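Coordinate-derived values only; no laboratory data. The shown structure was predicted, so the numbers you read here are calculated from the model rather than taken from an experiment. Positions of Cβ are generated from backbone atoms using ideal geometry, with glycine treated the same way; all protein chains shown enter the neighbour counts.
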Ligand code: AMP
């Protein structure tokens with residue numbers, strides 16, 4: 001059965017899309033740990049991050065770097081942090097989490113509230129700064 005993220009890539013499930021290229025897709029996490037929390041995924045469905053081929057890991061990292069630059073430019077955090085976990089969704093992904101304060105809890109357990117309208121506006125704001 002395809003993962004929920006594969007369904008998002010195919011447009012079968014809606015997402016707050018940030019960007020995509022031939023091999024990757026980026027979208028807002030619906031339970032954000034911070035404003036702008038974004039997931040970067042390879043279109044090829046692989047469960048465990050470290051089962052990606054070395055070139056796929058490199059390409060996903062390069063794609064994520066471009067998305068992180070867009071987060072930095074649009075939301076101006078101190079910097080953007082990275083988490084790889086994969087315990088909930090069996091489709092490899094990189095969490096990009098903007099860090100706004102040095103004291104900000106940096107974990108996937110803590111979620112912030114963003115309204116649906118807020119998520120849409122945020123996605124638009126970030127999209128404008130993406131340079132692939
Ligand atoms: P993990 O697999 O533990 O690295 O986390 C998976 C992440 O995917 C969680 O932070 C979820 O909030 C997020 N997530 C799950 N379903 C969706 C969805 N339909 N759209 C956006 N994010 C999602």
## Note on the structure
If the chain between residue 121 and residue 99 were fully extended at 0.36 nm per residue, the gain over the current Cα-Cα distance would be 6.0 nm
### Summary
Under a Gaussian network model of the chain whose springs join Cα atoms within less than 10 Å, the largest fluctuation of 17, 121, 35 belongs to 121
### Query
Taking neighbour counts of Cβ atoms within 10 Å as a proxy for exposure, in what order, fewest first, do 41, 4, 13 appear?
13, 4, 41
### Query
When the helices in the chain are scored as -39500 (n - 2.57) per DSSP H run of 4 or longer and the sum is shared across all residues, what 222 nm value do you end up with, to the nearest 500 deg cm²/dmol?
-9500 deg cm²/dmol
#### Entry: GNM top mover of 39, 71, 52 - the chain, alpha-carbon springs below 10 Å
52
#### Entry: Difference of contour (0.36 nm per residue) and Cα-Cα distance, residue 107 to residue 49
19.1 nm
#### Entry: Distance (nanometres) between label positions extended 7 Å along Cα→Cβ at residue 89 and residue 129
2.2
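Specify whether the C-alpha gyration tensor of the chain places it in the rounded, prolate or oblate class, a ≥ b ≥ c being the square roots of the eigenvalues: rounded for a/c under 1.5, otherwise prolate if a/b is larger than b/c and oblate if not.
Numbers: a/c = 1.40, a/b = 1.35, b/c = 1.04.
Rounded shape, in that the Cα axes give a/c under 1.5.
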#### Entry: Gaussian network model of the chain, springs between alpha carbon atoms under 10 Å - residue of 107, 74, 64 with greatest fluctuation
107
## Note on the structure
The residues 72, 51, sorted from fewest to most surrounding Cβ atoms within 10 Å, come out as 51, 72
